Amino acid sequence: LLFILWEIFGNMISAGASPLTTILLFLSLIGVLGGGDHDTRSVTTVTAKTLDDYLTNQRVKQRPALIMFHVGWCKACQRTFPLFIAASDRVQREKVPMDFAHADCTDDKSLCQRFEVTGYPTIKLFAPEEGKAPQNFRGTRTEVGFLNYAKRMTMPPIRNFESWSAYEKALSDEAYSGIIVEDRHAKDLQQVALRWMDRHIVASAPKLSDLLPEELRSQVPDDAYIAVLSLSRLQWKDSDEQAPPAVAFYKDVFDTTAIDNWIVNSRFPGIWSLSDANFFEYSHADKSAVVVALPQEVSSDVAQQTRGAQQALQSDYFFGVVNGEDWSKELTNLGIFPEELPRAFVIEKNFESWVEDINELRVSHLQQDLQKLSDGAPLLRQGRTIMHKVFLYKRKAWRFVLQTWAYGQQGNLQMATVVFAGLLWLALVIGFLWGLWSCCNYVMLEDEPEFSHVQRAASRPKESASKKAD
């Protein structure tokens, strides 16, 4: 048995699985088969037949359930499931009042179809209240991310903190901003907090300054009563010095709808350092988001342009930075190549489309070009539809023509090269079209073609017959 497990371990390593995933899954298998501590008994298996009874039992116990829907062939599921198991173990050890379960949809997809699961893995929280619809998990898919989520979702939507140090400790493992409200409005903001508590710790205190770092306390407007705070570790730093924290304040008339909309537009203040932990939420935040892809070495001019654009246009866009060399594969899929760094692109409509234009969206003129985009300039917009691809290739072809013409203007030799290449390209196109026409003409002929060698072969028997007759 151990030999078989060791073979599985070796095959996963050779297939490219991460060491952490391999070790956790290996230990889980040993636990299941050998009865050790690292098993999946803390994660209940549910099926289409047992789910309703399981949820009924959860309602009786008044315990929410976090359920992962997955399939066996999904690599993301294979990476996430061991972390889900490990988090469930910690949730039980720390006595967090939430249970974890999973549903394998590999052979029976009826359960996933029932809950409109369109991608794997999908993780949903089922509240113990009768009739309440399940909500999608939108946190970070790590052991700590699942654990923090379980803690947040089993606490009051607005939590009171006595000091900045206590709030800072609570935010130490969080991937997103914290939201602060003054005590006088906390009761009236419960429903707003319920919407955001799965991704943000919503805290209350007598004054906003009580839960802000010392360097930000003097910035609190007199009439502000809500703040969004991003810790310095979440912010982009363009030098060896630590990035300053970022904050946004709300001070308008109290209205829950207006406050909710303000949080949508303010929950990524400053310039974010983007990573796997926060990129999905950043790019699906219901607001256009600028992503600046930078090389390892960043010039002062680039840093100044990026920060200036954020200061001027923060009401229109979120701003974030990625390491373009570490994200080269993902950026290439978006039409951005390592040799072009630094580059910028704008995510629109929760990543249904994005704007990248090497000529019209330049990091060296970021504020100016983003303002043009806000004013409706026709920059190169990409998306996932066929028409977006057609316009993309049309725009790329026109760019190539302009670049070729600019090269030809450099001198007689360059112009001669351009003319020769153009004639060669034209000859190839004509040859291709002639060949295509010949093939179509042959296929569409109604009569059999009368080739000369066929005619000669057919006429020989007639000539022989006439000679015999003579």
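Please list 3J(HN,Hα) in residue order for the range 148-154, calculated via the Karplus relation 6.51 cos²θ - 1.76 cosθ + 1.60 where θ = phi - 60°; whole Hz, with x for glycine and proline.
4, 4, 4, 5, 4, 6, 10
Rg (Å, one decimal) plus Dmax (Å, integer) for the alpha carbons of the range 161-221?
Rg then Dmax for the range 161-221, in Å: 11.4, 31.
Mind checking which lysines have their C-alpha under 26 Å from Lys109, skipping anything on the same chain fewer than 8 residues away?
Cross-link targets: Lys49, Lys75, Lys124, Lys132.
Compute the distance from the alpha-carbon center of the range 390-444 to that of the range 304-348, in whole Å.
Each part's Cα centre sits 33 Å from the other's.
Suppose R0 equals 51 Å. What FRET efficiency, 1/(1 + (r/R0)^6) with r the Cβ-Cβ distance, do Glu129 and Asp316 give to the nearest 0.05?
0.85
How big is the antiparallel share of DSSP beta bridges in the range 211-365, given as a percent to the nearest 5?
If we restrict to bridges inside the range 211-365, about 60 percent are antiparallel.
Report the gain in length on full extension from Ser232 to Leu194: 0.36 nm times residue separation, minus Cα-Cα distance, nm rounded to one decimal.
11.1 nm
For q values of 0.11, 0.17 Å⁻¹, compute log₁₀ I(q)/I(0) with the Debye formula on a Cα-only model of the range 268-401, without solvent.
Ignoring solvent entirely, the Cα scatterers give -0.36, -0.90.
Hey, got a sec? Which trypsin sites (Lys or Arg not before Pro) in the range 157-252 land in a DSSP loop and have at most 16 other Cβ atoms within 10 Å?
Taking the range 157-252 and a limit of 16 other Cβ atoms within 10 Å, the loop trypsin sites (Lys or Arg not before Pro) found are Lys207, Lys237, Lys251.
Near the amide H of Arg159, under 5 Å away, which other amide H atoms are found, from residues 5 or more places off or on another chain, if H is placed in the peptide plane?
For Arg159, the qualifying residues are Val202, Ala203, Ser204.
Testing the spin-label approximation: label points 7 Å from Cα along Cα→Cβ at Trp425 and Thr332. State their distance in nm.
Simple spin-label model gives 2.4 nm for this pair.
In the neighborhood of Phe318, defined by Cβ-to-Cβ distances under 13 Å, what is the net charge if each Lys or Arg adds +1 and each Asp or Glu adds -1?
Within the 13 Å Cβ shell, the charges total -2.
Which of the three applies to the range 93-135, rounded, prolate or oblate, going by the alpha-carbon gyration tensor with a ≥ b ≥ c and a/c under 1.5 meaning rounded?
Oblate, since a/c reaches 1.5 and b/c is not below a/b.
For Leu402 and Lys95 in one chain, what is 0.36 nm times their gap in residues minus the Cα-Cα distance, to one decimal in nm?
The Leu402-Lys95 span can extend by a further 104.0 nm.
Taking amide H atoms as placed 1.01 Å from N in the peptide plane, list the residues 5 or more away in sequence, or in a different chain, whose amide H sits under 5 Å from that of Trp272.
Trp236, Phe319, Gly320, Val321
Apply the Karplus parameterisation 6.51 cos²θ - 1.76 cosθ + 1.60, with θ equal to phi minus 60°, to every residue of the range 362-377 and state each ³J(HN,Hα) to the nearest whole Hz, in sequence, with x for glycine and proline.
Whole-Hz 3J(HN,Hα) from phi for the range 362-377: 9, 5, 5, 10, 4, 4, 4, 6, 5, 5, 4, 4, 4, 7, x, 4.
Work out the FRET efficiency for Thr47 and Ser163 from their Cβ-Cβ distance, taking R0 = 45 Å, and round it to the nearest 0.05.
Efficiency for this residue pair is about 0.40.
Bear in mind that the values in this text are calculations on the coordinates, not laboratory data. Given the structure is predicted, the values throughout are model-derived calculations rather than measurements. Positions of Cβ are backbone-derived with ideal geometry, glycine not excepted, and every protein chain shown enters the neighbour counts.
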